[in-house]
Each structure stands twice: as C-alpha cells, then as structure tokens.
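Structure first, commentary second.
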Amino acid sequence: MIYDIIIIGAGVSGSAVAREVSRYDVSACVLEKCEDVCEGTSKANSAIVHAGFDADEGSLMAKLNVEGNEMMDQLSKDLDIPFKRNGSLVVCIHKEELDGLKTLYDRGVKNGVKGLKILTKEEALEMEPNLSDDVEGALFAPTGGIVCPFELNIAMAENANMNGVDFRFNTEVEDIKKGEDGLWHIRTNNGEYVSRVVVNAAGVYADRIHNMVSEDKMHIIERRGDYLLLDKEVGGFVSHTVFQQPTKYGKGVLVTPTVHGNVLVGPTAIDLEDKEGNNTTAEGLGEVTAKANESVKNLPLRNVITSFAGLRAHLERHEFVIEEVKDAPDFIDVAGIESPGLSASPAIGKMVGDMLKDKMSLKEKSDWIATRKGIKSTEGLSIEEMNALIKENPAYGTIVCRCESITEGEILDAIHRPLGARSLDGVKRRTRAGMGRCQAGFCSPRTMEILNRELGLPYEKITKSGGKSNIILERTKGEVSHS
Amino acid sequence: MEKRDLTCIGCPMGCQITVELEDGEVISVKGNTCAIGDKYARNEVTHPERTVTTTAVIEGGDKPRVSVKTAGNIPKDKIFDAMKEIDSTIAKAPVHIGDVIVKDVAGTGVDVVATREIAAV
Amino acid sequence: MKTYDIVIVGGGPAGLAAAVAAKEAGNDSILILERDHELGGILNQCIHNGFGLHTFKEELTGPEYAYRFIKQVLDLGIEYKLNTMVMDIAADKTVTAMNREDGMFQIPAKAVILAMGCRERPRGALNIPGYRPAGIFSAGTAQRLVNIEGYMPGREVVILGSGDIGLIMARRMTLEGAKVKVVAELMPYSGGLKRNIVQCLDDYGIPLKLSHTVVDIEGKDHVTAVTIAEVGPDRKPIPGTEIRYTCDTLLLSCGLIPENELSRSAGVKMSPVTSGPVVNESLETNIPGVFACGNVLHVHDLVDYVSEEAKRAGANAAKFVKEGEVKSGEVIELLATDGARYTVPSTINVDRMDDLLTVRFRVGEVFKNSYVSVFFDDERVMHNKKRIMAPGEMEQVILQKTKLQESKPKKITIKIEKED
C-alpha cells in the first residue's frame, strides 16, 4: 500500500506529529525500529515542561516551547495523562552571577513567558526550604511544569492509532530513495514501505535518516545525561523544579519532583559519538550528585532507587530543525529535538501537521476522536470503588507490583489496549509496575506469567524491551518449553 | 607425601587447616584450633560427602518442578553423575515429602526424595 | 467480612510460627494473610538444606521446614487467605486487604502481628554504572525462576555479593549447568556462612574476590560482560584493578531490607539501624497490640531463630488479646555500643518479661577472641568470650528476670570488648 505520510520514529515528536496528522483524511504510518513507542530520548529525560525562558528570543525553540507549554493543560485533559504546573526556580548560588537571573527574566518576558518573578534569598528559601543556604536569589516561573514523558508519548501514539494511523514496530529504516514514480521508497528490515511524504522524527538517528536523502549533510551529537531517581518516601524533598543557573561554572543539574511523587536529579551533559551510548558512568553519576549538592542541602542519596542515562539529539546550531529538506522535496525533518523538546512536542506536532495540511491540502475528518482514556488507575480509590471494580473484573483484586500497588487489571488493560505492551518495560512504562523501590524484583516473574498467558508468548520469548533482551534463556533440565 | 589445604566449616572462624597424607592415610592435621576442625579435616580428605539438593521435572502437578534432595550424603565426586540422573527423571504428580523420585542415585545406594508437596491437577 | 482477634500479615516462617503459638496460647480467632499463592514464604524457593538444626534437631530443606509449620497450621485449623495483599494497617489496628474473591475488605483486629519479611536490595540502590540490559537479577528472583518455575536466566554468570543467597545461587546455577565465573564481594569479608563458601564455591572451583565490586555492565539488549574492580578501604574502586568477565547474567546478593511500608504508614516507630520496628520485650511495637517478628523486625541468619522469635510474638499477641495492655512496671532501656550495632528488643519491662529473655544483636565488624559484655548501668554483669563474631551472624545474650529484679538497672548496655 502507498501511504500518504510515513513518519520515522515513535518518540514523543513522531507521536505528536502522528496525532496531528490523524485529524486529517490521510493514510499514515509510523515506522519504529524498537518494539514499542517511547524507546529513545523520550524515555530518559528530565520529564519537565519548561516555562520557556532558556531559548534565545526569536528562535523556533523558544516559540515552540512557550506554545507547547500553553497547550499542555488541554492536552493532558484530552489524553488523560498526569501534568502538573508545579512551578520552577532557577537558583543563583554565586553572588556575582545574580545579574544572570535578570537576563533570564528579560529573555523570558520577550519569549512570552507569563508570571516570571525574581525572588530574594529569603523568598526562595521560604518557597523551597531544602535549597542550599548558599542561594543568593532565584527566578520563579509559575508556568513551569512536570509531566510523565512515557504517558505523554504513549497517549499521543495511542490516540493517533485510534484515529487510524498505523504503527510498525521492530522496523528499522535502512535506506530511502525517491522512485521514478515520484514516491519515497523506504527499505526496512521488515520490507519496503512507500509514501508520498516522509517525516523524519528519528531522534538521535535523524541525521542518518536525513543523510539518506540529502547532500546537505546533518550531524547529530549524542549528548548523554545521567540521572538519579529517588524513592517516593522522600518525594516531598522539593515541590518545585529547581534548576541551576547556567554560568561560567557550567550548566548545572536540576532537582525536581515527578508527577508520580519521586524526585529526579540530573542530568549531566556529556557529548558522545554513539547513538546507543546510554550507559551511566561512575563519573557521570558522581557529577550529578556533586552538582545537585550545590543547589540543595541534605539530598537524601540513600533513597536512590535507580539511575539511568538518556541521549539528547544535539545539533551544533542548537536549534530545532523542522522544515522540508531543500534538496529533497516532500521530506520533512523534525531534527535536533533536544531540550525543551518534550515541552514543545505538542507544538511540534501542530506545526508539522499545519505544514502537511497546507502542502497536501488535507481535509479534516469529521469523526476524529480528540480524547483518549488512560489506563484506569486504582490509586486513591475508596473501598467501595475498588469493590465495584473488582466485581466487574476480579483482576483488579490482585496486586502484581507491591511497591506501586499496581493490579493485574491495570496490566491487562496495558496489554490489550491500542499499541499495547508486549514486554516488561512496556508494562512498566504504561502502568508503573516495576518502577518502584524494588525495581521489579517482586513483580517481574508475575508480569512474565501474565504476558505468557495473555499474549501466548513462551517464557523464553518474553523480553525486557524487545530485541535480544530476553529475560530467561531456557527451561532447566533441557526440557522443551510449552508456551 | 601429599599436602591438602582446607577451610574448616565447623564455625565462622574458618580455620585454614593443612592436612598431611601418606598413601591416603592422614599423618597430621595442622592449623585447626579445636577438635571439630580435626574431625572435619580427616573426613574431608579421606571421604568427602555432600547432600545434593536440586529440582526434578514433574508432570501433571500444580507446579512444573518438584524440589528434591539425596536422602543422605553421597560421595562428592558423584554429584554431577547424580545430577545427570535426576535431570533425566520425570516425576508424576502428586508427590509428597519423602517420596522416592530416583532410587539408588548414581549407584551410591542413596535415594533421591521429594522435599515438597506437589498436588495433581 | 468475618472479624478476627489476631491478624498476621505474612504466611512465611514468621507468620506461620506466630499463628501456631497464638493458637496454642488459647486464641481461636486468628487469620493469616499471605500475598503469594501458597504458605511458606521464601522457604519454598530455598530448596537447599541446612534448616531446622535448632528447631527440629535435623537438617531440612527450606520447603520441608516450611511444611512442618504449614502442617501445624492446617492441623490446628488456623484460617488463612492466599493471594491476598494487605494494603494498609491503621494505627487502630484495622487491617485493609484485597484479593480477587473477597475484594477489598477491612478487619478491625485486636492484635496485629507484622511478619512481612524482607526484600533484596536492587541494582538501582547499589548505584552500579553501565547499561541497563536484561540479564540482571537479584539472587532471590533468580532463585524463584530456577527452583520454582524451572527457568534458567543464563549460562555464564557473575555474582555480586557473597551473602548466603548469592553463595547458594552460585552452586544452584552450577548444578543446573551454568558456569559461574566469579563471586565479587565489596567487603573484605564474606557475609555468608563458612560452610556455604566451602560447599557452594570451593567445591566447584568458583573464585571469591573480596573487596571487589562491579564497575561496569556491558550489553545494550542483554548483558554481555561485567567488569569488577578491587576497592580500597573507602570502598571506592581502585583504577587499574579492573577484570572483565564475558557473561550473560549478573546476580546481585547485596543485602536484605525489612519490608516495612505497612508498618511505617501505621505509625510504627522504626530503628534506623535495623530498618525494622523498635520493639519491647514482648516484641510489641510502640503501638500497643502490634507485634513484629522475623525478617521484618531485623534480618536473621537462621530461620530457626525466626521461628523462635515468632512464637514469642504469637504467644504475646494472644496474651494481649486476653489480658489487654499491661501498663505497670519500670521500663529498662537496652543499648548497643562498641561494636554491637543494635539489640532486639530495645526495651524491657521486667513485669512483663519471661523468666529468661533472649536479646539478639549483630556486630559491625569481624571480632576475634573478644568478649560480649553486658552492663547493668555501669556494672559489668556478663563477660562471655567468643572466638569469633562476624556481621553475617546474629549473636545473643540471655537475661534472667530474677537478676533484673534484684539489680533494678535503669539501662542495660551490650558491648564488644577486646582482651583486657
């Protein structure tokens, strides 16, 4: 079949584009090399919705950041995902850098950020008592927020899929050529795909995809960020997102609550030439701790439950590239989407959707569904509500993940919904099962049992996150498995 | 003369014991700090024995494996022979604790018995 | 929902022994709540032997030891619910639990026994750098997969941590055909029993590297190699000492943490040393009628001690239901200093104690030819020589009620003293 639009990459940008495209009467397909959505940069970042004072005035980054931020309230309602405007603070810890706060303030005002305020030391400490005593002042941005990047990404993809966009997983693009028929022929490890228009939203691979069609070569630098995640037990350590001021001393790290009540600390910024180099290092994790201790005091490091690293797709010009490639008409890059990419993603989707609408004269569907219901969470339900749920479906009476209190009912929902989970990480990112303090030690055998039963996957084929990430190798005693 | 170095398992001290042997006979035991060590070392160098605990495949049960043990100690050098026999055995549910799963494993005269209850389904 | 006098949270060795003792002490209204699909707890996957020498004077495997207690529970007609997760314990001892059949339900208990056990420290808490591929397991998770479910995680294994579970799994994986390449231990001594080092590692030629830790994990999808390095006295890796092992599996046996989420939310006061509740001579927490026993109270070395402790908790819970709260009597504080890390219990009310009271504790480092000394206020009343004491093993002293009644100390201190 010939698609009108093929989107390469099911990260937050690709999924945002897919959702916007799904408004129109077109055939569209997302090609993703991994086994699930949200597998690259989108799954390992600061989970922040930036206010929008960082990027240079007039830049696309600034514009889309502010727009994306403004869209987030409605989007989170439409897609039933957690989003909170917890407000952010940029703290200054060197007296001689206090002017810098004013620079940020001015830039923010020019970028259209609302409600910015410069705080004194006392005001800052009152707002956030665990700030370092060295704090000299802070910039407060009430519109700064936090979001669950997995749920944002998954929800946009699910919604696109509900509205008719196809998703092909485990499908890696190997080459792209313009055929004599004037169409894009995309060779993958999973056969050939043909489309009129291609959207390149391939994250750290966007340069490789771009360079398949253009002589104007692109080079993405993988900028690694190491993070530490702290237990919910210390979730109240900070209530605002605490940034450090970018100064001559370096870029600093942030300390932030997450929408699910953990505390996230990071990232580093280490430039690599390795598109899969998302391993943490002792130096990186050490740097996160050392820097965080400059802006906050008594960071409860004994409550670290996991550490991870993500790669940002950094372009040397440090700007989003969202445009039709000059020497490759009908090929649109969505590249260099580093911070504030997550915040901007709804606006990125809208921008590309509008470009395609104009370019292809797309007509809106009358039956487009703007909303999506998330997985029914049992958190905070009363006994009566729980019992009503269990009566309807007894699986809600079985707790699978003890740390996050996730029931079998929620896991079944995650598996059987559009673009459902097929791996332990897929279940984890949709339900939080395995994301708690025991890090899946308790629930992984139980989740495997459910995946085995529900998807008919033999145990040996159950993976952590697709590919060769099988959890177990074989049966003991050389016995042949019966699925 | 042969010398053997051992770590005593009698207590957490873990004394490093050296045993001297001549034609398989113990000539001296050194390094131990109590009588337990002396006895342990003499047994260990002349006829070391172990209890083997593992699992066996079980059919028709509410679990895919039944845990088993050798009902007594077997010579240490027979452990892998015993494992081979146990691994090629398929028990039938139900089984009860103490039921013989493999008789006279690896010619040791010792039976392998079930260590848990498995109900038939 | 039916109500019960005593609700026991957890049907592992502690919960089972507590139930039996409560029943034997005359209480007929007991309910055990167990989250797994069978009673016995972790013992069901501990298929190795070495259990029960103190309790039954014979060497049993874990499932056999568990079954001795399960059988008593069944024979005594004690009620239990499987596949049931306790969601909350309120300060007024209302227990909220949930399962498929009963839904979510509440039991207003007169006494609650905390017997939830402990869990393993995961990789995340260890801050091991590297990739995050499949093939990394806590030793206990691997033990469950291999022993109960019959699945092999891999064929080439590196183990971090030489606690007993790590050592036992080294042998288990070897017997099932895997090659265990090394066991690395951060500390300069093993946390496991000597017997396990000899019979699980030495017997199979598996090297134990003390003062070593994992410094890198390779493999994007699945573990392909693990690098360990020697650590200095500060427990930081020493550059240049790295050794790389190709492998497909990394097992972690790096300590156990009492599982006290429910206790905390109930308002039970916790000890920062044991991560378990602070209890008195009756194994009762700061909430009257809430008792704790087994690994949720403090991590034990032998299950026999868990059973013994749990029996006391069970009997005391039955007594509490019958007699109510005893408020009379002086409270003596127990302190652990000079190498002793903590004591269980933390306080003694002489009026409420049995004729003999076992006080358990652990030491913070390896002590050779040292003394366990007990002080009543400033007077040394006990001075027992021990050839060796190690952090991996629990120590105990036994206090006599008559002695405490005579001396009337305000506080009792347990210390480790070197040769005079």
**OP:** Six or more apart or on different chains, Cβ under 7 Å: which pairs go from a residue in the range C:395-413 that's among the small types (Gly, Ala, Ser) to one that's surrounded by 13 or more Cβ atoms within 10 Å (Cβ to Cβ)? Could you list them?
**Re:** C:Ser407/C:Phe376
Original post:
Counting only residues that are aliphatic (A, V, I, L, M) and within 8 Å of chain A (Cβ to nearest Cβ), which one in the range C:119-142 is nearest to A:Ile471 (Cα to Cα)?
Top reply: C:Ala134
Subject >> Number of the condition not met by A:Gly466 [criteria: (1) facing chain C (nearest Cβ under 10 Å); (2) surrounded by 24 or more Cβ atoms within 10 Å (Cβ to Cβ)] >> reply: (2)
**OP:** Kindly indicate whether any position in the range A:435-451 is charged (D, E, K, R), in contact (Cβ under 8 Å) with a residue 12 or more places away in the chain and within 8 Å of chain C (Cβ to nearest Cβ).
**Re:** yes
**OP:** Could you list, in sequence order, all residues of the range C:397-420 that are modelled with pLDDT under 95, more than 14 Å from C:Gly339 (Cβ to Cβ) and touching a strand residue (DSSP E or B) at 6+ places or on another chain (Cβ under 6 Å)?
**Re:** C:Ser407
**OP:** Report, ordered by the first and then the second residue, all pairs with beta carbons closer than 9 Å, sequence separation of six or more or different chains, a first member in the range B:97-110 that is at pLDDT 95 or above, and a second member that is part of a helix (DSSP H, G or I) and among the hydroxyl-bearing types (Ser, Thr, Tyr).
**Re:** B:Ile97/C:Tyr67
Original post:
within 19 Å of the chain's Cα centre (by Cα), within 14 Å of another protein chain (Cβ to nearest Cβ) and within 23 Å of C:Asn127 (Cβ to Cβ) - does that describe any residue in the range C:232-249?
Top reply: no
**OP:** Scan the range A:415-426 residue by residue and report those that are more than 14 Å from every other protein chain (Cβ to nearest Cβ) and part of a helix (DSSP H, G or I).
**Re:** A:Ile415, A:His416
**OP:** Can you tell me which residue within the range A:473-483, out of those that are without any contact (Cβ under 8 Å) to a residue 24 or more places away in the chain and either among the hydroxyl-bearing types (Ser, Thr, Tyr) or in contact with a strand residue (DSSP E or B) (Cβ under 7 Å, 6 or more places away or on another chain) (or both), is farthest from the other protein chains (Cβ to nearest Cβ)?
**Re:** A:Ser481
**OP:** Check the range C:178-189 and report whether any residue there is within 7 Å of chain A (Cβ to nearest Cβ), in a strand (DSSP E or B) and more than 21 Å from C:Thr274 (Cβ to Cβ).
**Re:** no
**OP:** Identify the single condition in (1) at the interface with chain A (Cβ under 8 Å from one of its Cβ atoms); (2) among the hydrophobic types (A, V, I, L, M, F, W, C); (3) assigned to a loop (DSSP other than H, G, I, E, B) that C:Met116 does not satisfy, given that it satisfies every other one.
**Re:** (1)
Original post:
Where residues in the range C:196-219 are in a loop (DSSP other than H, G, I, E, B) and buried (at least 16 other Cβ atoms within 10 Å of the Cβ), which of them is nearest to the other protein chains (Cβ to nearest Cβ)?
Top reply: C:Gly219
Original post:
Taking the range A:200-214, which residues are within 21 Å of the chain's Cα centre (by Cα) and not in a helix (DSSP H, G or I)?
Top reply: A:Asn200, A:Ala201, A:Ala202
**OP:** Could you grab the pairs with beta carbons closer than 6 Å, sequence gap of 6+ or different chains, first residue in the range A:261-289 and within 23 Å of A:Pro246 (Cα to Cα) and within 12 Å of chain C (Cβ to nearest Cβ), second one aliphatic (A, V, I, L, M) and part of a loop (DSSP other than H, G, I, E, B)?
**Re:** A:Val288/A:Val253
Original post:
Of all residues in the range A:87-107 being in contact (Cβ under 8 Å) with a residue 24 or more places away in the chain, out of contact with any helix residue (DSSP H, G or I) (no Cβ under 9 Å at 6 or more places or on another chain) and closer than 18 Å to A:Val66 by Cβ, which is surrounded by the fewest Cβ atoms within 10 Å (Cβ to Cβ)?
Top reply: A:Tyr105
Subject >> C:Ala139 within 18 Å of C:Cys46 (Cβ to Cβ) and either crowded, with 23+ Cβ neighbours inside 10 Å or not basic (Lys, Arg) (or both) >> reply: yes
**OP:** Go through C:Ile165, C:Ile197, C:Ile206 for me and flag whichever is modelled with pLDDT of 95 or more, outside the structural domain of C:Gly392 (by TED's automatic domain parsing) and of a type in the set (A, V, I, L, M, F, W, C).
**Re:** C:Ile206
Subject >> One residue from C:Ser282, C:Ser275, C:Ser328, C:Ser307 being among the hydroxyl-bearing types (Ser, Thr, Tyr) and part of a helix (DSSP H, G or I) >> reply: C:Ser307
Original post:
Among the residues of the range A:113-131, how many are surrounded by 17 or more Cβ atoms within 10 Å (Cβ to Cβ), of a type in the set (Gly, Ala, Ser) and assigned to a loop (DSSP other than H, G, I, E, B)?
Top reply: 0
**OP:** Have a look at C:Leu145, C:Leu160 and point out the one that is within 11 Å of chain B (Cβ to nearest Cβ) and either surrounded by 24 or more Cβ atoms within 10 Å (Cβ to Cβ) or under 26 Å from the mean Cα position of the chain (by Cα) (or both).
**Re:** C:Leu145
Subject >> Flag if C:Asn316 is in contact with an Asp or Glu (Cβ under 7 Å, 6 or more places away or on another chain) and either under 20 Å from C:Val290 (Cβ atoms) or in a helix (DSSP H, G or I) (or both) >> reply: yes
**OP:** Provide a single number: the residues in the range B:13-32 that are surrounded by fewer than 18 Cβ atoms within 10 Å (Cβ to Cβ) and either touching a strand residue (DSSP E or B) at 6+ places or on another chain (Cβ under 7 Å) or under 19 Å from C:Leu208 (Cα atoms) (or both).
**Re:** 9
Original post:
Do you know which residues across the range C:47-83 are hydrophobic (A, V, I, L, M, F, W, C) and either outside any loop (DSSP other than H, G, I, E, B) or at the interface with chain B (Cβ under 9 Å from one of its Cβ atoms) (or both)?
Top reply: C:Ile47, C:Phe51, C:Leu60, C:Ala66, C:Phe69, C:Ile70, C:Val73, C:Leu74
Subject >> Filtered residue count, the range C:364-381, keeping only those that are within 15 Å of C:Ala336 (Cα to Cα), surrounded by 15 or more Cβ atoms within 10 Å (Cβ to Cβ) and either at the interface with another protein chain (Cβ under 10 Å from one of its Cβ atoms) or at pLDDT below 95 (or both) >> reply: 1
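The values are calculated or read from the model by the stated rules, or taken from the named source; none is laboratory data. Remember, predicted model here, so these are calculated numbers, not experimental data. Don't worry about glycine lacking a Cβ; one is built from the backbone with ideal geometry, like all the others, and counts go over all protein chains shown.
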